[in-house]
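Novice: For reference, the structure I am asking about is given below.
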Protein chains: 2
Amino acid sequence: MKRTHTCGELTIKNINQKVILQGWVKKVRKLGAMNFIDLRDRYGVTQLVIDESKNLENIKSEYVLEVEGMVIERKSKNLEIKTGEIEIKVEKLTVINKSELTPFEIKDNIESQEDTRLTYRYLDLRREVMQKNLLTRSKMNQTIRNYFLKNNFIEIETPIFGKSTPEGARDFLVPSRLNEGKFYALPQSPQLYKQLFMISGLDRYFQIVKCFRDEDLRIDRQPEFTQLDMEMSFANDQDVMKSIEQLIKKIIFDIKGIKIKKPIRKITWKESMDKYGNDKPDLRFGFEIETLNYLFKDTEIPLFSNIENKSIRAICINSMLTKKDLEELTEVAKQNSVNILAFAKYDLNDWTGSIGSKLSDFEKKELIKLFKIKNESTILFVVDEYFRASQAMGAVRNKVAKILNLLDQDIMELAWIIDFPLFEFSEEENRFVAAHHPFTMPADKSLEDFDTNKENALAKAYDIVLNGFEIGGGSQRITDPKIQQRMFDAIGLKKEEIDTNFGWFLNAYKYGAPYHAGCALGLDRICMLLTSSENIREVIAFPKNSSGIDNMTNAPDKVSTLQLDQLHIKLK
Amino acid sequence: MKRTHTCGELTIKNINQKVILQGWVKKVRKLGAMNFIDLRDRYGVTQLVIDESKNLENIKSEYVLEVEGMVIERKSKNLEIKTGEIEIKVEKLTVINKSELTPFEIKDNIESQEDTRLTYRYLDLRREVMQKNLLTRSKMNQTIRNYFLKNNFIEIETPIFGKSTPEGARDFLVPSRLNEGKFYALPQSPQLYKQLFMISGLDRYFQIVKCFRDEDLRIDRQPEFTQLDMEMSFANDQDVMKSIEQLIKKIIFDIKGIKIKKPIRKITWKESMDKYGNDKPDLRFGFEIETLNYLFKDTEIPLFSNIENKSIRAICINSMLTKKDLEELTEVAKQNSVNILAFAKYDLNDWTGSIGSKLSDFEKKELIKLFKIKNESTILFVVDEYFRASQAMGAVRNKVAKILNLLDQDIMELAWIIDFPLFEFSEEENRFVAAHHPFTMPADKSLEDFDTNKENALAKAYDIVLNGFEIGGGSQRITDPKIQQRMFDAIGLKKEEIDTNFGWFLNAYKYGAPYHAGCALGLDRICMLLTSSENIREVIAFPKNSSGIDNMTNAPDKVSTLQLDQLHIKLK
């Protein structure tokens, strides 16, 4: 290579060396008789100094230069960057390529609309913050692969062209040219393939793999996303959780330098719903949700009287929330189908707020005792059906933390959520469906009656949660064909449907399967959290916008009739 | 984990240890009063010994067992396997899962049809040879990633959902639900994305990535295939070849233990076509093709007389080919549109064969001199238009090596093919098209006139060849918008087509691009060669058959009308 060094490596140790650098013009400036250029590449910035005899009028920001010169000591040093003690006295300067004025300045904090950034993504990716995000992702991948290879896992690729099966999200389809009228489906996950690897005796499998779900897009969803997928034989749910726990701690240490020594907390799904109002609790802050029906059973407060089967759910914030805060929080409650967010404020002297003045002495005393109130505090209440009240309070709880600025990105709070329900009731289909997927092993205590007592059946499934985001999950699998049959019966699959959709898969379990369990981690989301990014698009080189469109290439796009003809399809 | 060891690790050092093993029954046999079971897992086989008090009648091949017992020294040792000096005296035996009779025996050499193997791929992958192939692939991937990460490359993922563009093979399409009437295309390679990374200043990119081409399938093609893709900034064709050369040597060393010290030979495309009749020469053997028109200019052999513009092309084999050999070779020539394969045999005494007796003394002497004949030899001749004759002779040359059993899989002969033509003429479209792709830089000597002298224009493109297979290729890219415009003009693209299909891409080059070059390697094929496999399906966990069908899942398959409706398409 022609360059002798990158723009990020020369220091005082290189004084008097002749060097060749190549990079982009970050800035040109004139100071007295001298011209200065900051030359930038992925590795850093180096200052060039050029005497006035050279005409630099034509050189502008983002030009690509090659310079030859001598490393000399700088007069005014910049100790914040590695190269800040030296500069290059340029002897020869060549313009490798020119640049038009870029649509936005190449710097970390820009005010461009995201659409503009995505349209010119190749320029957006010149910004240091974006390069750091991609570098972090590359590093994270390597930590993951090294971990699994060290532990005897094999990396195996699974097909992108698979078969469409029900019981999941909507599939993306690919029409087949060679097989008229037929379609491949893109995998929502390599679930069935990895289970087959265990039947094959491959023992331990992992893969970093693209998966696809044709769902409506949200802030943290893309039509294609990347998973770390793994499966272990002769391993149960506990073994997999142990392995993933080690991995995630290693990732956090490698990327953030944070050493998590304690075992990751295990919280049952029921406890999580009860204390945090959701199954992905953010544990960077407290404010656990309490049920106060017992406390208000003789109350005179109308809101809490005659509530029948409803629950009074409350959290206590050790801070006096403002009127504006409370308005915002009420809005959050409303978005979660609960109209009234009552509150009581206590300034260690006096109770105020929508119900503060109406509290009896007994209620006041009990609230102070229950919430261990020692500072000025605000208690927030909702009254509603238990799950609705809990979910609304969970959302309020998260919003409070945002308002109070408690979401420190350098704290990493992990939790396992366990004992998930095995089924959930689909109002749409009017039947129970598998909450995780229909290959999930029932919990030991549900094994007897999971197919008759579906409401209460629990699963050997587990999710891992980081700072309020579900970052992965898995389960122990059913390896006994009889249990699998009961599971399919329980979700109301008919023999014909089973044969058509899963026959080939169930057949495999007739030939000697080990017990096995696995897990998948959402790498886009994990990388988003590790880099303190606002959304997953910030850690994806070329993401789609919320309509599934690539602003840069304009994909998806129309195609020719010839192309459709060859695929034996036409537009509706 | 419950097992204390795998089935592949216990040795004489573990004598008297209590162990727990889990695995598959490879074989059950009774010897006197004792029962023996070979227990198998991915890591090896361990012999179990069970006294006759235990009833083993129900235990059959491929059952999954867990055994607890003591490691003892074997009486009759098997020194060919690591565990061959010990056996486990079983104290407790549990059947984890049963197995029906498998459709084929789980052993390396089986006679099943490939269709059967693919239908029961999960059992096929139990065979040691298949597990070794997948392990090799996992190891190869890791060698590749370690190499690039060590050299400051970043691993970056590119989208699977892209835009359909002309100037390549046929795209696979994915109908968009959210954007009616529009389609994503699956990438044939991440070519444009990786070039954009260079414009972004990411400097060095690599990725192991799935690519897709909707072509008719052949023995070494799959609809989805895996590439190592890389690109380097401030690097030219030579820099990239150097980097890939180091990598491929490292892969061969890591996997095969073969150390290749010599630099890889560089052969121009023209020389390769001339000497070997193709652009992917197998250099494990000689038999270079010669043009003999000068030698036969005064000949009396009718076949070689009055041949006008045709070429007499010949190879000499240092062996007396049999009649059967020659019939097979003639068949190969015919498959390559050349009807007559003439031959002369020389037993150091006498000339025989279809033209042997007709050779003049001068011709005999010159042939001996030219081919440096020292042993019994057979010379093969074809007469035809130069390229057709060369290609036929290239195919004959490869077939000879197969017949003579010269294709030693443990010899790894690499070559770079360079100086490719920039264009090739498409009879179908009646125009010149880019031979590599339209972003390939013309060779220095073609830079002036590549768009006017298309027949002779050469490219800064390079292929790497291993044992007669093209395993990868790349090029230096056009980074000057003016040259790119001339290229598009040369292949007859109209302004409108350019704007629609490549406008977004060309625009990026206006903002300061470094010069850059890259390469892609076909990992399925490389792994096939490293494992001495017959075809690429042997190194892919779940491949498609030659009709693009997965025999196991029966993908692609019909989908519901509802699914098609949601995608705004219908069957034709």
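The values are calculated or read from the model by the stated rules, or taken from the named source; none is laboratory data. The structure displayed is predicted, hence computed values, not measured ones. Cβ sites come from the backbone with ideal geometry, for glycine too, and all protein chains shown count toward neighbours. Ligands, DNA and RNA are excluded from the accessible area calculation, which covers all protein heavy atoms including side chains. Shrake-Rupley method; radii C 1.70, N 1.55, O 1.52, S 1.80 Å.
Novice: Here is a list: A:Asn535, A:Asn554, A:Asn545. Which entry is open to solvent by 10 Å² or more (accessible area, probe 1.4 Å), modelled with pLDDT under 95 and under 11 Å from the mean Cα position of the chain (by Cα)?
Specialist: A:Asn535
Novice: Would you say B:Leu202 is under 25 Å from B:Glu155 (Cβ atoms), in the same structural domain as B:Asn456 (by TED's automatic domain parsing) and part of a helix (DSSP H, G or I)?
Specialist: No: the conditions fail for B:Leu202.
Novice: Please name all residue pairs, on different chains or six or more residues apart, with Cβ atoms under 6 Å, provided the first residue is in region B:544-563 and is among the hydroxyl-bearing types (Ser, Thr, Tyr) and the second residue is not in a loop (DSSP other than H, G, I, E, B).
Specialist: From region B:544-563, the pairs are B:Thr553/A:Trp504.
Novice: If you don't mind, another one. What is the number of the single condition among (1) under 24 Å from A:Ser164 (Cβ atoms); (2) away from chain B (no Cβ under 12 Å); (3) open to solvent by less than 10 Å² (accessible area, probe 1.4 Å) that A:Asn467 does not meet?
Specialist: Of the numbered conditions (1) under 24 Å from A:Ser164 (Cβ atoms); (2) away from chain B (no Cβ under 12 Å); (3) open to solvent by less than 10 Å² (accessible area, probe 1.4 Å), the odd one out for A:Asn467 is (1).
Novice: Please identify the pairs in which a residue from region A:371-389 that is surrounded by fewer than 21 Cβ atoms within 10 Å (Cβ to Cβ) has its Cβ atom under 6 Å from the Cβ atom of a residue that is among the polar types (S, T, N, Q), counting only partners at least 6 apart or on another chain.
Specialist: Pairs that qualify, where the first residue is surrounded by fewer than 21 Cβ atoms within 10 Å (Cβ to Cβ) and the partner is among the polar types (S, T, N, Q), are A:Asn375/A:Asn318; A:Tyr386/A:Ser311; A:Arg388/A:Ser337.
Novice: Residues being open to solvent by 30 Å² or more (accessible area, probe 1.4 Å) and in contact (Cβ under 8 Å) with a residue 60 or more places away in the chain: count how many of those fall in region A:184-204.
Specialist: The number of residues fulfilling the criteria is 1.
Novice: Continuing with the same structure: Please verify whether region A:152-164 includes one or more residues that are acidic (Asp, Glu) and more than 24 Å from the chain's Cα centre (by Cα).
Specialist: no
Novice: Assuming A:Asn58 fulfils every condition listed in (1) farther than 28 Å from B:Val240 by Cα; (2) away from chain B (no Cβ under 14 Å) apart from one, which condition is it?
Specialist: If we test A:Asn58 against (1) farther than 28 Å from B:Val240 by Cα; (2) away from chain B (no Cβ under 14 Å), just (2) comes out false.
Let's see how each residue does on (1) farther than 13 Å from B:Leu367 by Cβ; (2) aliphatic (A, V, I, L, M):
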{"residue": "B:Phe304", "(1), (2)": "no, no"}
{"residue": "B:Glu308", "(1), (2)": "yes, no"}
{"residue": "B:Thr322", "(1), (2)": "yes, no"}
{"residue": "B:Asp325", "(1), (2)": "yes, no"}
{"residue": "B:Ala333", "(1), (2)": "yes, yes"}
{"residue": "B:Asn339", "(1), (2)": "yes, no"}
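Novice: Any residue at all in region B:477-490 that's within 24 Å of B:Arg284 (Cα to Cα), among the aliphatic types (A, V, I, L, M), within 12 Å of another protein chain (Cβ to nearest Cβ) and open to solvent by less than 50 Å² (accessible area, probe 1.4 Å)?
Specialist: No, because not a single residue in region B:477-490 is within 24 Å of B:Arg284 (Cα to Cα), among the aliphatic types (A, V, I, L, M), within 12 Å of another protein chain (Cβ to nearest Cβ) and open to solvent by less than 50 Å² (accessible area, probe 1.4 Å).
Novice: Still on this model: Which one of these does B:Gly181 not meet: (1) closer than 22 Å to A:Arg126 by Cα; (2) part of a loop (DSSP other than H, G, I, E, B); (3) open to solvent by less than 30 Å² (accessible area, probe 1.4 Å)?
Specialist: It fails just one condition, (1).
Novice: Taking the options A:Ile50, A:Ile20, name whichever one is touching a residue at least 40 places away in the same chain (Cβ under 8 Å), open to solvent by 20 Å² or more (accessible area, probe 1.4 Å) and within 21 Å of A:Glu85 (Cβ to Cβ).
Specialist: Exactly one residue qualifies, and that residue is A:Ile20.
Novice: Can you name the residue in region B:23-36 that is open to solvent by 30 Å² or more (accessible area, probe 1.4 Å) and of a type in the set (A, V, I, L, M, F, W, C) and, of all such residues, is modelled with the highest pLDDT?
Specialist: Step one: filter region B:23-36 for residues open to solvent by 30 Å² or more (accessible area, probe 1.4 Å), giving B:26-34.
This time we only want the ones that are of a type in the set (A, V, I, L, M, F, W, C), so: B:28, B:31, B:33-34.
Working: B:Val28: 93, B:Leu31: 84, B:Ala33: 82, B:Met34: 88.
Looking at the filtered set, the residue picked out is B:Val28.
Novice: Residues that are facing chain B (nearest Cβ under 7 Å) and touching a residue at least 40 places away in the same chain (Cβ under 8 Å): does region A:84-97 have at least one?
Specialist: Yes.
Novice: If you check B:Gln207, B:Gln227, which single one turns out to be more than 9 Å from every other protein chain (Cβ to nearest Cβ), surrounded by fewer than 23 Cβ atoms within 10 Å (Cβ to Cβ) and within 23 Å of A:Cys211 (Cβ to Cβ)? Step through it out loud before you land on a result.
Specialist: Numbers: B:Gln207 fails: surrounded by fewer than 23 Cβ atoms within 10 Å (Cβ to Cβ).
Going through B:Gln207, B:Gln227 in turn, the sole match is B:Gln227.
Novice: If you don't mind, there's one more thing I want to ask. Just wondering, is there one or more residues in region A:534-541 that are at the interface with another protein chain (Cβ under 9 Å from one of its Cβ atoms) and touching a Ser or Thr at 6+ places or on another chain (Cβ under 8 Å)? Steps first, answer last, please.
Specialist: At the first step, the residues of region A:534-541 found to be at the interface with another protein chain (Cβ under 9 Å from one of its Cβ atoms) are A:540-541.
Filter again for touching a Ser or Thr at 6+ places or on another chain (Cβ under 8 Å), leaving A:541.
Yes, the conditions are met somewhere in region A:534-541.
Novice: Something else: Which one is farthest from the other protein chains (Cβ to nearest Cβ) among residues in region B:131-170 that are at pLDDT 95 or above, part of a loop (DSSP other than H, G, I, E, B) and open to solvent by less than 40 Å² (accessible area, probe 1.4 Å)?
Specialist: Of everything passing the filter in region B:131-170, B:Phe153 is farthest from the other protein chains (Cβ to nearest Cβ).
Novice: Any chance you could count how many residues in region B:210-224 are open to solvent by 20 Å² or more (accessible area, probe 1.4 Å), at the interface with chain A (Cβ under 8 Å from one of its Cβ atoms) and not hydrophobic (A, V, I, L, M, F, W, C)?
Specialist: Here the count works out to 2.
Novice: Here's something else I'd like to know. How many of the residues making up region B:54-68 are basic (Lys, Arg) and closer than 12 Å to B:Leu101 by Cα?
Specialist: 1
Novice: Tell me the residue from A:Ser233, A:Ser272 that is within 14 Å of another protein chain (Cβ to nearest Cβ) and open to solvent by less than 20 Å² (accessible area, probe 1.4 Å), please.
Specialist: Just a single option satisfies the conditions, and that option is A:Ser233.
The rows are residues; the columns are (1) open to solvent by less than 60 Å² (accessible area, probe 1.4 Å); (2) touching an Asp or Glu at 6+ places or on another chain (Cβ under 8 Å); (3) at pLDDT 95 or above.
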residue	(1), (2), (3)
B:Ile307	yes, no, no
B:Ile312	yes, no, yes
B:Leu321	yes, no, yes
B:Glu331	no, no, yes
B:Asn339	no, no, no
B:Phe343	yes, no, yes
B:Asn349	no, no, no
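Novice: Right, next: Against the definition (at pLDDT 95 or above and either at the interface with chain B (Cβ under 7 Å from one of its Cβ atoms) or open to solvent by less than 40 Å² (accessible area, probe 1.4 Å) (or both)), how does A:Thr119 come out, yes or no?
Specialist: no
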